[in-house]
1. State the dimensionless ratio Rg/Rh of segment 156-313 (Rg: radius of gyration of Cα atoms; Rh: Kirkwood radius).
2. Using θ = phi - 60° and the Karplus form 6.51 cos²θ - 1.76 cosθ + 1.60, what ³J(HN,Hα) does each residue of segment 221-230 get, whole Hz, x for Gly and Pro?
3. Taking a threshold of 25 Å on the Cα-Cα distance, which of the pairs 72/266; 46/72; 67/115 fall above it?
4. Which of the lysines could a cross-linker span from residue 182 if the Cα-Cα distance has to be under 28 Å and same-chain partners fewer than 8 positions apart are dropped?
5. Just order 232-240, 164-172 by mean Cβ neighbour count inside 10 Å, highest at the front, would you?
Amino acid sequence: MHGKALCCYQLRRQPRGLGSDPNHKWRASDISPPLADDVLFFTKAKSSQFHFIHNLFDRFNKASGLKINIAKSIAYYSTGTPQGKITNLTTIYGIQSTTSLGKYLGFPMLQGRPKRSDFNFIIEKMQTRLTSWKNRLLNRTSRLTLATSILSSIPTYYMHINWLPQSICDSIDQTTWNFIWKGTNNKGIHLVNWKTVTGPKHLGGLGIRTTRDANTCLLGKLFWDMFQSTNKLWVKLLSNKYNSGPNTLHATTNNSSSPSWSSIIKAKNILHNGYQWHVGSGSSFFWFHNWSPHGLIGSLVPIINNHDLHLTVRDVFTFIGHHTQALYTNLPQTIA
């Protein structure tokens, strides 16, 4: 474990004052509200820190009447922690060490670079669902419906914040493809190639999205939120942590980037052209409305030619480019 202590709800405020008033009593509902039954501490791998946490637990027990189950508690150590220190801390305080934090709310809590083994459970879930359909007599149309409505939805929850390894995407696509053409008995042949199957219906495809495309779209929604929903807590957290701010479109990753941030940036790099600035309705006045990141354009020039006074944004910009060279008023170089 590494860093500073972090916990949730009432317990997080108690390292300094829990149990200081012997007459103070808490009800269980005060410290265990819905969805706040797990506590995560970040601390240095030192005996003094573990001792502090044990004392905190004891004071918490006395104040609340609740007992923390040490046998169900685990400690995850950073890769640089010596094995001897891990063994000593485990022996003294009884908190077992682990090399994986498992899942929380269904999401794998990744450490380091995501691996195929972190997401194999998705393939297993799909295989389990296929097994439940094994004794059903399904024609190809029924299999297509199940593939698009159920099989394809199984990975969706996990693709919201994770860039799945390509091998996992390929396995998911292969499982879906085999089910459509061969069913659960694995008999039959692929009559149409996968590229055609994943094409839109109006072009002769079956309308099934590839896993990578779906993964990219879901992560792209998060990247869009970083522009449009800057008041969200997770947006503020990532923006401050990685100093993206107004330069989010040009944000990058580094060796210390979290898996979630790295996933968002990978999607951004693919969708980059789609995030280019485009004119909307263009009804704003070019000079006197605050429609651009430069502010009021009219305030940036010493004088506006009479021929240009009533121009709208639509008059100057079109989908095929801009026509600022046709203005009678000279624009600053940063805009022209």
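Bear in mind that the values in this text are calculations on the coordinates, not laboratory data. Just so it is clear, the structure is predicted and the values come from calculations on it, not from any experiment. Cβ atoms come from the backbone with ideal geometry, glycine included; neighbour counts cover every protein chain shown.
1. On the way: Rg = 22.6 Å, Rh = 19.5 Å.
We get a ratio of 1.16 for segment 156-313.
2. Computed from phi, the couplings for segment 221-230 are 5, 5, 5, 5, 4, 5, 8, 9, 10, 5 Hz.
3. Details: 72/266 36 Å; 46/72 21 Å; 67/115 37 Å.
Cα-Cα > 25 Å for 72/266; 67/115; rest within.
4. 125, 134, 195, 201
5. Details: 232-240: 13.4, 164-172: 18.4.
Taking the mean over residues of other Cβ atoms within 10 Å, the ranking is 164-172, 232-240.
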